[in-house]
1. Those residues that are more than 19 Å from residue 32 (Cβ to Cβ) and either over 17 Å from the mean Cα position of the chain (by Cα) or surrounded by 15 or more Cβ atoms within 10 Å (Cβ to Cβ) (or both), I need them from the stretch 74-105; list them, please.
2. Identify all residues within the stretch 1-30 that are part of a loop (DSSP other than H, G, I, E, B) and among the charged types (D, E, K, R); write none if there are none.
3. Evaluate the following for residue 62: is it surrounded by 13 or more Cβ atoms within 10 Å (Cβ to Cβ), more than 17 Å from residue 105 (Cβ to Cβ), small (Gly, Ala, Ser) and out of contact with any Gly (no Cβ under 7 Å at 6 or more places or on another chain)?
4. When residues of the stretch 83-100 are filtered for being assigned to a helix (DSSP H, G or I) and touching a residue at least 12 places away in the same chain (Cβ under 8 Å), how many remain?
5. Pairs under 9 Å by beta carbon, first residue assigned to a strand (DSSP E or B) in the stretch 43-70, partner among the basic types (Lys, Arg) and buried (at least 19 other Cβ atoms within 10 Å of the Cβ), six or more apart or different chains?
6. When the stretch 7-26 is examined, which residues are found to be small (Gly, Ala, Ser) and without any contact (Cβ under 8 Å) to a residue 24 or more places away in the chain?
Amino acid sequence: MQPRLVYTTLPSLESAENVARALVAEGLVACANILPGMVSIYRWEGQVERADEVVMILKTTAARASDVMEAVRARHPYEVPAILVLPVEGGLAAYLSWIGAEVAAPPA
């Protein structure tokens, strides 16, 4: 099992919790960390923008990372959401095993 972190941002705590609960319930992720209070400064359509956002970090497996990206995208209110899959190079073996045990295997 190869663990992955999926990073995304959402516009509110409520929207992040809704996405997180759905992905955990569906067995796509073992855990979601939601960090409110982030400020993003970015360029969009030629303008420099500022937005209050919520960071969400999802713990999943390499086998389900694409499914997680699709599920986040389907539930995301942004036109072009930040969805990044990051490799995990190491960690507490018991925790990594827990991620693998909690994430459902992809359909055959």
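Laboratory data are not the source of any read-out in this text; all were calculated from the coordinates shown. Here the structure is a predicted model, which means the values were calculated and not measured. For neighbour counting, all protein chains shown are included, and Cβ atoms are generated from backbone atoms with ideal geometry for every residue, glycine included.
1. The first filter runs over the stretch 74-105 and keeps only residues more than 19 Å from residue 32 (Cβ to Cβ), leaving 79-80, 89-90, 93-94, 105.
Hits for the stretch 74-105 are 89, 90, 93, 94, 105.
2. Quick first cut of the stretch 1-30, residues part of a loop (DSSP other than H, G, I, E, B) only: 1-2, 11-12, 26-30.
Within the stretch 1-30, 26 is the sole residue that qualifies.
3. On the way: surrounded by 13 or more Cβ atoms within 10 Å (Cβ to Cβ): yes; more than 17 Å from residue 105 (Cβ to Cβ): no; small (Gly, Ala, Ser): yes; out of contact with any Gly (no Cβ under 7 Å at 6 or more places or on another chain): yes.
Judged against the criteria, residue 62 is not a match.
4. The first filter runs over the stretch 83-100 and keeps only residues assigned to a helix (DSSP H, G or I), leaving 93-100.
Next cut, touching a residue at least 12 places away in the same chain (Cβ under 8 Å) only: 96-100.
Total satisfying the criteria: 5.
5. Note: pairs meeting the criteria are 58/4; 59/4; 60/4; 61/4.
6. Step one: of the stretch 7-26, the residues small (Gly, Ala, Ser) are 12, 15-16, 20, 22, 25.
Within the stretch 7-26, just 25 meets the criteria.
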